[in-house]
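The values are calculated or read from the model by the stated rules, or taken from the named source; none is laboratory data. Only a predicted model underlies this, so the values are computations on that prediction, with no experimental measurement involved. Cβ: placed from backbone, ideal geometry, glycine included. Neighbour counts: every protein chain shown. We work out accessible area using only protein heavy atoms, side chains counted, and drop any ligands, DNA or RNA first. Shrake-Rupley method; radii C 1.70, N 1.55, O 1.52, S 1.80 Å.
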2 protein chains.
Amino acid sequence: MTLPRKAPTMADVARLAGVSPMTVSRAFKHDASVSDATREAILKAADDLGYVFDSTASNLRSQRTNFVAVTIPSINNANFADTVRGLSEGLKARGLQILLGTTDYDIFEEERLIEQLLRRRPEAIVVTGGQHTPRARRMLENAGIPVIETWDLPPSPIGHVVGFSNAAAVRAMVDHFVARGLTRIAFIGGDADRDTRGTDRRAGFIAAMQTHGLDATRLIAAGVPPISMREGADAMGRLLDTLPDTEAVICVSDLSAFGALTECQRRGVEVPGRISIAGFGDYEIGAISVPTLTTINPFPREIGAQTAALILKVLDGEQAEPATLSILPRLLPRQSSR
Amino acid sequence: MTLPRKAPTMADVARLAGVSPMTVSRAFKHDASVSDATREAILKAADDLGYVFDSTASNLRSQRTNFVAVTIPSINNANFADTVRGLSEGLKARGLQILLGTTDYDIFEEERLIEQLLRRRPEAIVVTGGQHTPRARRMLENAGIPVIETWDLPPSPIGHVVGFSNAAAVRAMVDHFVARGLTRIAFIGGDADRDTRGTDRRAGFIAAMQTHGLDATRLIAAGVPPISMREGADAMGRLLDTLPDTEAVICVSDLSAFGALTECQRRGVEVPGRISIAGFGDYEIGAISVPTLTTINPFPREIGAQTAALILKVLDGEQAEPATLSILPRLLPRQSSR
DNA sequence: ACAGGTCTTGTTATCGATAACATAAACGGG
DNA sequence: CCCGTTTATGTTATCGATAACAAGACCTGT
């Protein structure tokens with residue numbers, strides 16, 4: 001195999017091509033002015049040497065990393081993955097690369113992560129949610145780069161926002177059920193305040209129920225977020241055991257809603273005949289399960305795409321003021337609710 | 001707001017704390033020898049100035065980035081997400097951060113991605129699969145860092161391997177069905193060769209069927225990978241239309257298997273009564289659907305964890321020779337098959 | 001009390017690309 | 001044909017942390 005000789009630098013390439021290192025540097029940028037013949041000779045020399053461009057040096061000298069830092073609660077969540085995909089696609093054309101970190105639904109972990117990410121000197125930072133530790137908030141405020149909070153509409157944003165109101169979305173779902181004559185409605189969600197979006201959804205449920213003058217105490221705590229199918233099934237079991245006259249249940253996500261649905265199937269409880277079920281997030285499962293699941297689509301990919309577009313505008317100096325882009329989630333009535 | 005004054009450097013912190021920049025540098029590393037009093041004064045000065053450590057400079061001078069580059073086909077896949085999680089957790093303790101990129105199941109995109117990643121000078125690189133373009137392979141071979149191929153057992157590995165045989169896993173599934181007296185077995189998978197793991201699974205299916213002297217032509221092409229629930233459902237529809245006497249079907253993943261299951265439910269085809277269904281990947285859906293799905297668990301998180309452990313060993317010089325860690329997937333017979 | 005060791009801190013040069021400035025060559029319109 | 005402009009390339013200094021080397025202060029046991 002290849003001997004572990006030192007990796008070639010631009011200077012080596014320059015020497016072989018008979019030009020100055022600066023010209024090599026220019027040849028590696030797409031817009032720079034280098035004659036075709038020179039560029040070709042340089043690329044050939046680089047190829048012969050097996051030269052690989054060293055961003056670490058470029059990053060330091062140019063004070064540009066082409067990183068956009070992104071924090072999400074979990075990589076194992078199709079909604080956040082979609083947002084990252086939208087972001088990634090929108091940024092790729094400009095050579096911006098995503099530096100991804102997960103917080104595990106924990107704002108203290110988020111604080112540590114933000115510090116790690118800022119050390120890498122990203123061009124911008126995208127965080128999920130609007131709730132942060134005071135220190136994390138301070139770091140973001142002083143970072144000197146565009147900050148975008150997503151998946152939420154924080155009362156006092158740090159910088160830009162691309163999000164939606166989780167509470168309002170669930171309110172729409174409650175209204176949907178009430179309009180169909182369902183009044184004994186329950187909510188299945190995580191029991192801790194770790195998942196702030198889940199907490200907002202529960203709060204939206206309670207507020208909406210009270211607005212309608214309905215009992216807002218049918219709250220089933222399904223465990224520590226992220227709650228998934230299994231937890232949703234268990235929670236539905238408890239709901240059916242303790243409050244068997246419940247007519248409808250809103251779950252914090254489609255995953256828990258599907259779990260709840262399967263529990264009904266195992267017990268022979270008809271959906272939507274005896275109980276209506278709704279989820280959140282428009283995961284693929286809800287579109288294909290039997291019955292299909294009533295849900296809310298918050299357009300996660302769109303959040304990512306709009307965030308990417310916003311970042312480009314800000315970096316181009318076309319957007320000086322902090323922007324708040326509000327996404328309107330869409331309620332999707334399906335077979336699991338009447 | 002804060003004026004956009006230049007960000008403070010170590011030199012600024014050093015001046016304020018009354019020490020040399022080198023001492024500040026040491027104070028920021030955990031193992032370095034700095035007296036408690038000095039470190040405290042330095043951290044206080046850093047805090048007062050709002051200093052944020054600049055890795056770009058550190059990366060260049062120390063020739064260490066603390067990055068581990070990772071390529072996966074898609075971020076939107078719970079199996080790969082699990083591998084990334086295992087990796088991330090195993091590397092975090094050592095301060096190694098993951099630099100993640102997605103190939104979209106395309107080896108040419110992988111080539112571009114690998115080049116981008118190597119420019120960032122990672123300490124090691126983890127790629128999914130063992131099939132690469134010649135140039136990608138060359139870049140990996142010459143990168144001068146540990147290379148780990150995962151989720152596969154390539155015939156001629158570039159460096160280290162942490163994987164399993166997709167073909168052998170599916171063979172076990174075929175054997176499982178045959179042992180139960182099922183012989184008219186179909187396979188639902190992607191129609192392109194983009195997803196090499198899917199292709200290996202189909203090849204394993206064909207080989208196993210032939211070993212048993214059975215008809216290996218019941219192959220349903222479900223579309224361009226990644227194929228998901230919808231494609232699985234459509235493919236099952238076509239299978240039931242064209243080969244209604246099929247007794248069992250093996251799907252390339254649990255997602256398509258679940259889609260197939262729902263299609264049966266919509267058509268009133270009993271599972272496993274009239275047809276048995278198996279998936280791949282042990283996604284949560286298969287453990288909770290009604291009926292639960294027979295599947296194969298390839299331990300994706302374990303792949304990540306073992307890869308992380310291997311990287312640490314190699315970086316510590318405790319593992320000089322290329323290692324091949326073979327994971328043994330487990331067949332999980334469940335309700336969807338007899 | 002002193003040689004040899006450890007602990008703490010400082011000095012200098014450097015990692016590799018590129019921003020900023022400079023300049024020679026080619027071009028182009030009147 | 002000349003001068004202003006564009007194009008192609010070179011020179012020098014620099015981004016900010018830290019490796020490598022050096023050295024004084026502080027022990028510690030005999």
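Just to confirm, what accessible area per residue do you get for the stretch B:10-53 at 1.4 Å probe, in whole Å²?
Numbers: 2710 Å² over 44 residues.
Ligands and nucleic acids excluded, the figure is 62 Å² per residue.
Between chains A and B, what is the buried accessible area in Å², counting both sides, with a 1.4 Å probe and ligands, DNA and RNA left out, to the nearest 100? Don't skip to the end; give the middle numbers.
Working: alone 16680 and 16700 Å², together 29030 Å².
By this definition, chains A and B bury close to 4300 Å².
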Practice item. Roll a 1.4 Å probe over the protein heavy atoms and report the accessible area of A:Met229 in Å², nearest 10. Key: 10
Exercise for review: Express in nm, to one decimal, how much length is gained between B:Ala320 and B:His30 on full extension, taking 0.36 nm for each residue of separation and deducting their alpha carbon distance.
Suggested key: 101.6 nm
Practice item. With springs connecting C-alpha atoms under 10 Å apart, model chain B as a Gaussian network and identify which of B:Glu318, B:Glu109, B:Glu89 has the largest mean-square fluctuation. Key: B:Glu318
Study note, to complete from the structure: All alpha-carbon distances of the protein assembly as shown, grouped into 10 Å bins from 0, give the whole-percent distribution 3, 14, 22, 24, 20, 11, 5, 1, 0
Check your understanding: How much accessible area does B:Phe53 have with a 1.4 Å probe, in Å² rounded to the nearest 10?
Key -> 30
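Computing the accessible area with a 1.4 Å probe over protein heavy atoms, can you report the carbon and sulfur percentage for the stretch B:9-150?
On the way: 3170 of 6390 Å².
In the stretch B:9-150, the share of accessible area belonging to carbon and sulfur is 50 percent.
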Review point. Copy-to-copy spacing for A:Leu49, label 7 Å out on the Cα-to-C-beta vector, in nm, shortest first?
Key: 3.6
Check your understanding: How high is the FRET efficiency from A:Gln63 to B:Ala221, r the C-beta distance, R0 51 Å, rounded to 0.05?
Key -> 0.50
Review point. Sorted from shortest, what are the nm distances separating the label point of A:Thr242 from equivalent points in the other copies, each placed 7 Å from Cα along Cα to C-beta?
Key: 5.2
Exercise for review: Take every DSSP beta bridge with both residues inside the stretch B:1-141 and express the antiparallel ones as a percent of the total, to the nearest 5.
Suggested key: 0
Practice item. Just need the relative contact order of the stretch B:233-317 here, percent rounded to a whole number, with Cα pairs under 8 Å and 6+ apart. Key: 26
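List, in the order given, every pair from A:Lys29/B:Lys92; B:Lys6/B:Lys92; A:Lys313/B:Lys29; B:Lys6/B:Lys44; A:Lys6/A:Lys44; A:Lys29/B:Lys313 whose Cα-Cα distance in the structure shown is over 26 Å. Kindly include the intermediate steps, with their values, before the conclusion.
Numbers: A:Lys29/B:Lys92 34 Å; B:Lys6/B:Lys92 31 Å; A:Lys313/B:Lys29 37 Å; B:Lys6/B:Lys44 19 Å; A:Lys6/A:Lys44 19 Å; A:Lys29/B:Lys313 37 Å.
Over 26 Å Cα-Cα: A:Lys29/B:Lys92; B:Lys6/B:Lys92; A:Lys313/B:Lys29; A:Lys29/B:Lys313.
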Point to revise | Residue-averaged 222 nm ellipticity for chain B, from DSSP H runs of 4+ at -39500 (n - 2.57), nearest 500 | key: -14000 deg cm²/dmol
Study note, to complete from the structure: Scoring only Lys, Arg, Asp and Glu (+1, +1, -1, -1) among other residues with Cβ under 10 Å from the Cβ of A:Arg85 yields -2
Review point. Based on the alpha carbon coordinates of the stretch B:10-53, what radius of gyration and maximum Cα-Cα distance (Dmax) apply, in Å?
Key: 8.9, 24
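Which GluC sites (Glu not before Pro) does the stretch B:211-298 hold that lie in a coil by DSSP with at most 16 other beta carbons within 10 Å?
Details: sites: B:Glu231, B:Glu247, B:Glu263, B:Glu270, B:Glu284; in loops: B:Glu247, B:Glu270.
Answer in residue order: B:Glu270.
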**Study point:** Max mean-square fluctuation residue, GNM over chain B, Cα-Cα springs under 10 Å, options B:Leu49, B:Leu310, B:Leu240
**Key:** B:Leu49
Study note, to complete from the structure: Residues from the stretch A:105-121 losing no less than 50 square angstrom of accessible surface in the full protein assembly compared with the chain alone, 1.4 angstrom probe, ligands and nucleic acids excluded, are A:Arg119, A:Arg120, A:Arg121
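Within 10 Å of each Cβ in peptide A:283-290, how many partner chain Cβ atoms are there on average? Round it to a whole number, please.
Numbers: counts 1, 8, 8, 0, 2, 12, 8, 7.
What the average comes to for A:283-290 is 6.
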Check your understanding: Comparing B:Phe164, B:Phe67, B:Phe108, which has the greatest mean-square fluctuation in the GNM of chain B with Cα pairs linked when under 10 Å apart?
Key -> B:Phe108
Exercise for review: Report, to the nearest 10°, how far helix B:78-92 tilts away from the longest principal axis of the Cα atoms in chain B, using its own Cα long axis and a range of 0 to 90°.
Suggested key: 30
Practice item. Could you pull the copy-to-copy label distances for B:Thr133, with points set 7 Å along Cα to Cβ, in nm to one decimal and sorted shortest first? Key: 4.3
Revision key, fill the gap. If one compares the long axis through the Cα atoms of helix B:229-242 with the longest principal axis of the Cα atoms of chain B, the angle in degrees, nearest 10, works out at 20
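Calculate, for the stretch A:166-297, the solvent-accessible area per residue in square angstrom, rolling a 1.4 angstrom probe over the heavy atoms of the protein chains.
I get 33 Å² per residue for this part.
Which whole-number percentage describes the relative contact order of the stretch B:1-73, with Cα contacts under 8 Å and a sequence gap of 6 or more?
Details: 49 pairs, mean separation 21.3, N = 73.
Rounded, it is 29 percent for the stretch B:1-73.
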Review point. Taking the alpha-carbon centroid of each part, what is the distance from the stretch A:173-201 to the stretch A:57-100 in angstrom?
Key: 33
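For Cα pairs less than 8 Å apart in space and 6+ apart in sequence, what is the mean separation divided by the residue count of chain A, i.e. the relative contact order in percent?
On the way: 637 pairs, mean separation 51.3, N = 338.
Relative contact order of chain A: 15 percent.
Could you tell me which of rounded, prolate or oblate describes the stretch A:166-297, using a ≥ b ≥ c as the square roots of the eigenvalues of the alpha-carbon gyration tensor, with rounded for a/c under 1.5 and, failing that, prolate when a/b is larger than b/c and oblate otherwise? Intermediate values should be presented prior to the final figure.
Numbers: a/c = 1.28, a/b = 1.10, b/c = 1.16.
The shape class here is rounded.
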Check your understanding: What is the helix-to-structure angle for B:36-49, meaning the angle in degrees between its Cα long axis and the longest Cα principal axis of chain B, kept from 0 to 90 and rounded to the nearest 10?
Key -> 80
Study note, to complete from the structure: For chain B, the Cα-Cα pair-distance distribution in 20 Å bins from 0, as whole percents, is 28, 43, 21, 8, 0
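Rounded to the nearest percent, how much of the accessible area of the stretch B:166-297 (1.4 Å probe, protein heavy atoms only) is carbon and sulfur? Could the numbers behind the result be given before it?
Details: 2240 of 4410 Å².
After summing per-atom areas, the C and S share lands at 51 percent.
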